[in-house]
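Participant: Please read through the structure below; I'll follow up with questions.
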């Protein structure tokens, strides 16, 4: 990273450098808990002074908690729109928090693996993200933080319904767990719809690269639980673990079939992607993600010596618009970004040793 990037953002993508189980299919695992303070309207209906009260209560509480007091705080109303988009692309804040309204704060652990959003849709959203298939691990991380906070904060809780949340789908445990999957095998064999139909009755849903209401990029799909009411945290986590294992098995079989029955065609797709990435002068985000999806499939076959899944995951974030504007200092004009993105990708894919 360049030296002029603020210190507080230097590590925002470091979780991408880790390795994790089943990383050939699972890009990342995430968990999030929604919590609200009692006797204060949900953030979506609260007045400015009520949002300010929430922010002050949380700040005072965090200062007195040994672990969470080490978190860095970022007032989203005081940073630029570019910085907010940067944090969203890094999966530190949500699209809702990106708006940067007053009294919206995010607390982030120094390693950026855990963050706490204050005054998003709910008063608090405690979330964690790790690379690979480590759903139980990341859930335990945020549960530890939640227990520390809830022991002190007055929480909106009902003996009948559980934790009270702004959105009914989060009512109960307030838990949303999700896994980002790379499914080129199922996509190329046209079995994505079959997969969706298989998992939907289980109470899970399929979302895009940045979660709810976001686009599907390059055969990347986010699978998460749909509701939390009537289930324990353990049941929700175990449900998603079971569903994801089933999808991984289907994806591995689909890839096997592709490289047995259509090896020339698939290799041609992978190397054409490499050709475009190493030569293009203009490339938008969607096309780049599609091409990188093919490269990711080639990494599993050992086609690219200097690339691994962790480095490619970082590259997928690095080509997003705000990251390009921040690191490459390109103009916010879409064509300027597309030129900068193409130059960045050419530099990566024309390096000596980038192929076998």
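Every read-out reported here was derived from the displayed coordinates using simple, explicitly stated rules and does not represent laboratory data. Remember, predicted model here, so these are calculated numbers, not experimental data. Reconstructed Cβ throughout: ideal geometry from the backbone, glycine too, with neighbour counts over all protein chains shown.
Participant: Connecting C-alpha atoms closer than 10 Å in a GNM of the chain, tell me which of 281, 104, 294 has the biggest fluctuation.
Facilitator: 281
Participant: Of all the C-alpha pairs in segment 262-349, what % are more than 15 Å from each other? Before the final figure, lay out each step's value.
Facilitator: Numbers: 2121 of 3828 pairs.
Roughly 55 percent, rounded to a whole number.
Participant: Work out how much length residue 99 to residue 265 would gain on full extension: take 0.36 nm times their residue separation and subtract the Cα-Cα distance, in nm to one decimal. Mind dumping the intermediate values first?
Facilitator: Details: separation 166, 0.36 × 166 = 59.76 nm, distance 4.41 nm.
Result: 55.3 nm gained on full extension.
Participant: Round to the nearest 10 and give me the degree value, 0 to 90, for the angle of helix 48-63's Cα axis relative to the longest principal axis of the chain.
Facilitator: The angle comes out near 80 degrees.
Participant: Here is a follow-up. If r is the Cβ-Cβ distance from residue 49 to residue 81 and R0 is 25 Å, what FRET efficiency results, to the nearest 0.05?
Facilitator: Computed FRET efficiency for residue 49 and residue 81: 0.50.
Participant: Okay, moving on. Please build a GNM for the chain, connecting alpha carbons under 10 Å apart, and tell me which residue among 289, 316, 150 fluctuates the most.
Facilitator: 150
Participant: Report the semi-axes of the equivalent ellipsoid for segment 212-280 in whole Å, largest first, where each axis is √(5λ) for an eigenvalue λ of the Cα gyration tensor.
Facilitator: 35, 18, 7
Participant: Tell me, what is the percent relative contact order of the chain, built from C-alpha pairs under 8 Å that lie six or more residues apart?
Facilitator: Result for the chain is 19 percent.
Participant: Between residue 272 and residue 69, what length comes free when the chain is fully extended (0.36 nm per residue of separation minus the Cα-Cα distance, one decimal in nm)?
Facilitator: That works out to 68.1 nm of additional length.
Participant: Right, something else. What distance in nm separates the simple spin-label points at residue 241 and residue 19, each placed 7 Å from Cα in the Cβ direction?
Facilitator: Result: 2.3 nm between the two label points.
Participant: Nearest 10 degrees, 0 to 90: what angle lies between the long axis of helix 233-261 and the longest principal axis of the chain (Cα atoms)?
Facilitator: Roughly 10 degrees, rounded to the nearest 10.
Participant: Taking a quarter of the surface of the convex hull around the Cα atoms of segment 163-262, what do you get in nm²?
Facilitator: 6.4 nm²
Participant: Under 37 °C and 0.692 mPa s, how fast does segment 50-106 diffuse according to Stokes-Einstein, given a Kirkwood radius computed over C-alpha pairs? Answer in µm²/s, whole number.
Facilitator: After rounding, the answer is 274 µm²/s.
Participant: While we're here: Using the Cα atoms of segment 89-233 to build a convex hull, what is its mean projected area in square nanometres?
Facilitator: Orientation-averaged projected area of the Cα hull: 9.8 nm².
Participant: Follow-up question, since we're still on this one. Please give the helix 309-318 orientation as an angle from the longest Cα principal axis of the chain, in degrees from 0 to 90, rounded to the nearest 10.
Facilitator: It is inclined by approximately 70 degrees.
Participant: Report Rg(Cα)/(2.2 N^0.38 Å) for segment 4-134, keeping two decimals.
Facilitator: 1.07
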